[in-house]
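Only one structure is covered here, and it is reproduced in the block below.
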């Protein structure tokens, strides 16, 4: 994955209210769910990309599961 793919996905979420609603719903709570949504939308993003991005700033670790922070896409650096 390129960091650029993750940035582009975050930008898409910012500009697409329907996608933002999906990504902020309970069905997309963890990194696996978010990566699946990204791939369905045409972006090459995998769970490890989300977990490792910016030193883990986009996720919260709970009992070995990685849950995405609410509106994580607003935390991605250099989206434009």
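Over the chain, what is the relative contact order in whole percent, taking alpha-carbon pairs under 8 Å and six or more residues apart?
Result for the chain is 36 percent.
List 7, 27 from most exposed to least, where exposure is judged by having the fewest other Cβ atoms within 10 Å.
27, 7
Every read-out reported here was derived from the displayed coordinates using simple, explicitly stated rules and does not represent laboratory data. From a predicted model like this one, the values you see are computed outputs, not experimental measurements. Don't worry about glycine lacking a Cβ; one is built from the backbone with ideal geometry, like all the others, and counts go over all protein chains shown.
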